[in-house]
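The values are calculated or read from the model by the stated rules, or taken from the named source; none is laboratory data. Please read these numbers as outputs of a predicted model, since none were measured by experiment. Cβ atoms come from the backbone with ideal geometry, glycine included; neighbour counts cover every protein chain shown. Accessible surface areas use protein heavy atoms only, side chains included; no ligands, DNA or RNA. Shrake-Rupley method; radii C 1.70, N 1.55, O 1.52, S 1.80 Å.
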Amino acid sequence: MFRKIALTLSLAAGVAAVALSPASAAPKGKDAEVTILVSSLSYSFPHFVFLQEQLEDEASKLGKVKVLRADGQLSAPKQIADIEAALVQGVDGIIIAPADADALAPAVREAIKAGVPVVTIDRPVNGVPEVLANVAADNFKGAIRQGEAIEAQFPKGATIVNLQGIPGDKTANDRNGGLHKALDGKADYKFVSEQTARFSRDQGLSVTENILTGLSEPPQVIAAANDDMALGAAQAVDARGLKGKIAIFGYDGSTDALKAIADGSLAATVDQFPGKQGRIAIRTLVDYIRVGTKPAENNILVEPIAITKANLDKAERFGLLGQ
């Protein structure tokens with residue numbers, strides 16, 4: 001269990017905007033105490049829980065770093081209110097996984113204008129090149145790895161159901177685009193249904209149930225843009241007695257997905273190393289606040305890998321399986 005250093009922000013969603021006095025952008029010193037707001041997309045996703053735990057563990061190793069934890073609850077207004085309140089409290093920096101890349105841009109811009117550096121994580125905001133860094137998985141390449149895993153298991157082709165993420169979301173677009181990049185133009189691979197399940201396990205279940213009802217015969221593959229949808233799809237497949245007859249491919253490398261790979265419910269997942277993302281993000285921000293060090297590039301991409309039963313031990317969360 002990681003040493004808990006996080007404090008929970010109790011912030012009203014309706015906090016009004018206030019006049020902000022510019023904060024000093026000068027380095028605070030290498031041993032200075034630092035307070036960071038971390039605004040997650042949602043702690044309902046295991047991906048962000050693990051990312052946060054690893055980020056906080058790294059903060060404890062850096063020392064004198066206080067992390068204020070705020071659950072974005074998939075709500076741009078909630079994240080905007082949390083940013084405003086944190087600026088009033090006098091935080092030194094902000095790490096945010098934005099619920100809406102456009103809606104969060106003005107609040108991020110105002111934080112930077114106030115002298116508070118911002119690192120986006122998992123996904124960027126749009127139109128704010130002044131962020132210190134964006135730390136994320138290369139989701140396009142990750143989805144190509146997912147497509148290659150499908151090819152490896154089905155070298156002669158397959159019929160595929162594609163469960164997509166939140167419409168318009170960059171992460172969802174990249175994962176959908178990478179999967180198509182890997183498989184489009186190969187006549188033996190046919191997408192028989194493509195529908196959004198909004199990264200939700202419940203919708204992964206219900207959407208898959210509806211798709212399977214509507215198809216004349218089961219697909220050979222279900223490719224899901226995250227593990228929650230994949231695990232929901234696995235429930236629907238199991239309920240129809242089709243476990244082992246439809247190969248399900250997820251994306252995230254979650255502990256639940258790794259367990260499902262081990263028991264045969266999932267064929268593969270794509271590990272995007274959220275813990276590594278969290279550690280890089282907090283180090284990057286604290287180094288800048290303390291000594292003024294900027295990252296060599298402000299778009300820091302972690303390359304994902306496909307995880308199957310054959311290389312399960314390469315997963316970032318393999319140690320959590322208790323094997």
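Here are the numbers:
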| item | result |
| --- | --- |
| Criterion violated by residue 64 - all others in (1) touching a Leu at 6+ places or on another chain (Cβ under 9 Å); (2) under 22 Å from residue 27 (Cα atoms) satisfied | (1) |
| Selection status of residue 150, at pLDDT below 95 and more than 19 Å from residue 300 (Cα to Cα) | no |
| Some residue of the range 296-311 being out of contact with any helix residue (DSSP H, G or I) (no Cβ under 9 Å at 6 or more places or on another chain) and part of a helix (DSSP H, G or I) | yes |
| Per-region count, the range 160-196, residues buried (at least 18 other Cβ atoms within 10 Å of the Cβ), aromatic (Phe, Trp, Tyr) and either under 17 Å from the mean Cα position of the chain (by Cα) or within 28 Å of residue 74 (Cβ to Cβ) (or both) | 0 |
| Residue that is farthest from residue 41 (Cα to Cα), among those in the range 92-113 that are open to solvent by 10 Å² or more (accessible area, probe 1.4 Å) and touching a helix residue (DSSP H, G or I) at 6+ places or on another chain (Cβ under 7 Å) | 92 |
| Single unsatisfied condition, residue 294 versus (1) at pLDDT 95 or above; (2) surrounded by fewer than 24 Cβ atoms within 10 Å (Cβ to Cβ); (3) over 27 Å from residue 96 (Cβ atoms); (4) not aromatic (Phe, Trp, Tyr) | (3) |
| Of the criteria (1) open to solvent by 40 Å² or more (accessible area, probe 1.4 Å); (2) within 25 Å of residue 46 (Cβ to Cβ); (3) outside any helix (DSSP H, G or I), which one residue 199 fails | (1) |
| Residue match in the range 224-236 (condition: surrounded by fewer than 23 Cβ atoms within 10 Å (Cβ to Cβ), part of a helix (DSSP H, G or I) and out of contact with any His (no Cβ under 7 Å at 6 or more places or on another chain)) | yes |
| Output for the range 258-288, where each listed residue is open to solvent by less than 10 Å² (accessible area, probe 1.4 Å), among the hydrophobic types (A, V, I, L, M, F, W, C) and in contact (Cβ under 8 Å) with a residue 40 or more places away in the chain | 258, 261, 268, 270, 281, 282, 285, 286 |
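Results for (1) open to solvent by less than 50 Å² (accessible area, probe 1.4 Å); (2) at pLDDT below 95, shown as yes or no for each residue.
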{"residue": "38", "(1), (2)": "yes, no"}
{"residue": "45", "(1), (2)": "yes, yes"}
{"residue": "66", "(1), (2)": "no, no"}
{"residue": "72", "(1), (2)": "yes, no"}
{"residue": "75", "(1), (2)": "yes, no"}
{"residue": "78", "(1), (2)": "yes, no"}
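Rundown of residues vs (1) within 14 Å of the chain's Cα centre (by Cα); (2) over 15 Å from residue 318 (Cα atoms); (3) not in a helix (DSSP H, G or I); (4) not hydroxyl-bearing (Ser, Thr, Tyr), yes/no style:
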site: 248; (1), (2), (3), (4): no, yes, yes, yes
site: 257; (1), (2), (3), (4): no, no, no, yes
site: 277; (1), (2), (3), (4): yes, yes, no, yes
site: 283; (1), (2), (3), (4): no, yes, no, yes
